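The values are calculated or read from the model by the stated rules, or taken from the named source; none is laboratory data. It should be emphasised that the depicted structure is a prediction, and the values quoted were computed from it without experimental measurement. For neighbour counting, all protein chains shown are included, and Cβ atoms are generated from backbone atoms with ideal geometry for every residue, glycine included.
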Amino acid sequence: MELLQRFAAGDLDAFEVLFRQHQKEVYAWVVRIVRDRGIAEDLTVETFWRIYRARARFNPEGNFQGWARRIATNAALDYLRSARHETELPEDLPSRPEPDPAVRRETREQIRGAFRQLPAKYRLVATLALIEEEPYNKIAEATGLSAGLVKIRVFRAVRMLRKTLSSLAVPLGANK
Amino acid sequence: MNEKDDKEIYELLKRSITPVVDTELRRDLWPEMLKKLSQQPARVPWFDWALAAVLGALLIVFPGAIPALLYHL
């Protein structure tokens, strides 16, 4: 029997093989959303736990990687919802390039704060589209939305950010 | 409010929050997975509970159906 069929039938060995094959890419996807290694590790395990529980609904002819990414995205979204007001965007997670020194630290903090305040579903797509520069189609596939709706959410996220920054009197034009 | 303002927000965002580069998983998470699998009790799906509740209610309302149910089990 094929690996995916064995997994769908509840074979734990098959699940372990799939886990080892896909844990890195699930982690890599989640860490870019939550931007914290420890939380991303927990969410990777949570993702595979959900995958294992839903194994009977998995179509062995289907795309396991895409299915896993979608479940991982939902797990990350649940985390963003639950931790919306507590989560900081860590400064120490290696990123590329370093934040622009031309942007004043205070302004940067205000922008990060405004970004944190976005509703989870907007923060998710804005992170993937604007910061990680993932293509809209890939985000759409991972979230189960249409590419058009992803674009609308990104657009609304930018509008919300602008409104928040305007209310904070952040000097937008002065940072260039 | 216009497209230029949106572009400016986008640029500021890009310069304030940068993409994550180090996305490498540093350890095998399978032991954690096994721990979670062993800790989680076998749960009865909500649908099964709902089905049992409906069946129980039907048997209370129509007790005459009990012999028929037992016959078909």
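Would a scan of region A:34-44 turn up a residue that is among the β-branched types (V, I, T), without any contact (Cβ under 8 Å) to a residue 40 or more places away in the chain and either crowded, with 23+ Cβ neighbours inside 10 Å or assigned to a helix (DSSP H, G or I) (or both)?
Yes: one or more hits.
With the structure loaded, tell me whether B:P41 is modelled with pLDDT under 90, more than 9 Å from every other protein chain (Cβ to nearest Cβ) and more than 30 Å from A:R104 (Cβ to Cβ) or whether it fails that test. I'd like the intermediate steps shown before the answer.
On the way: modelled with pLDDT under 90: yes; more than 9 Å from every other protein chain (Cβ to nearest Cβ): yes; more than 30 Å from A:R104 (Cβ to Cβ): yes.
When the stated conditions are applied, B:P41 passes them.
Listed by first and then second residue, the pairs linking a residue in region A:125-142 that is away from chain B (no Cβ under 14 Å) and touching a residue at least 12 places away in the same chain (Cβ under 8 Å) to a residue that is aliphatic (A, V, I, L, M) and part of a loop (DSSP other than H, G, I, E, B), with Cβ atoms under 8 Å apart and 6 or more places separating them unless they lie on different chains, are A:I139/A:L145.
The single condition among (1) at pLDDT below 95; (2) buried (at least 16 other Cβ atoms within 10 Å of the Cβ) that A:Y27 does not satisfy is (1). Of the residues in region A:56-75, at least one is in a helix (DSSP H, G or I), within 11 Å of another protein chain (Cβ to nearest Cβ) and farther than 19 Å from A:R123 by Cβ.
Just one of the listed residues (B:I60, B:I66) is exposed (fewer than 10 other Cβ atoms within 10 Å of the Cβ), more than 14 Å from chain A (Cβ to nearest Cβ) and not in a loop (DSSP other than H, G, I, E, B), and it is B:I60.
Check whether at least one residue in region B:3-23 is within 24 Å of the chain's Cα centre (by Cα) and assigned to a helix (DSSP H, G or I), and report yes or no. Reasoning before the result, please.
Within region B:3-23, the first condition is being within 24 Å of the chain's Cα centre (by Cα), and the residues that meet it are none.
The answer is no, given that none of the residues of region B:3-23 is within 24 Å of the chain's Cα centre (by Cα) and assigned to a helix (DSSP H, G or I).
Going by the structure shown, is B:L25 more than 7 Å from every other protein chain (Cβ to nearest Cβ) and surrounded by 10 or more Cβ atoms within 10 Å (Cβ to Cβ)? No, not satisfied.
For region A:102-119, give me each residue that is more than 7 Å from chain B (Cβ to nearest Cβ), crowded, with 18+ Cβ neighbours inside 10 Å and assigned to a helix (DSSP H, G or I).
Our first condition is that a residue be more than 7 Å from chain B (Cβ to nearest Cβ); within region A:102-119, this holds for A:102, A:104-107, A:109-110, A:113-114, A:116-119.
Checking which are crowded, with 18+ Cβ neighbours inside 10 Å leaves us with A:107, A:110, A:114, A:118.
Listed by number, the residues that qualify are A:T107, A:Q110, A:A114.
Tell me, which residue of region A:76-101 that is surrounded by fewer than 14 Cβ atoms within 10 Å (Cβ to Cβ) and modelled with pLDDT of 85 or more is farthest from the other protein chains (Cβ to nearest Cβ)? So the residue we want is A:R81.
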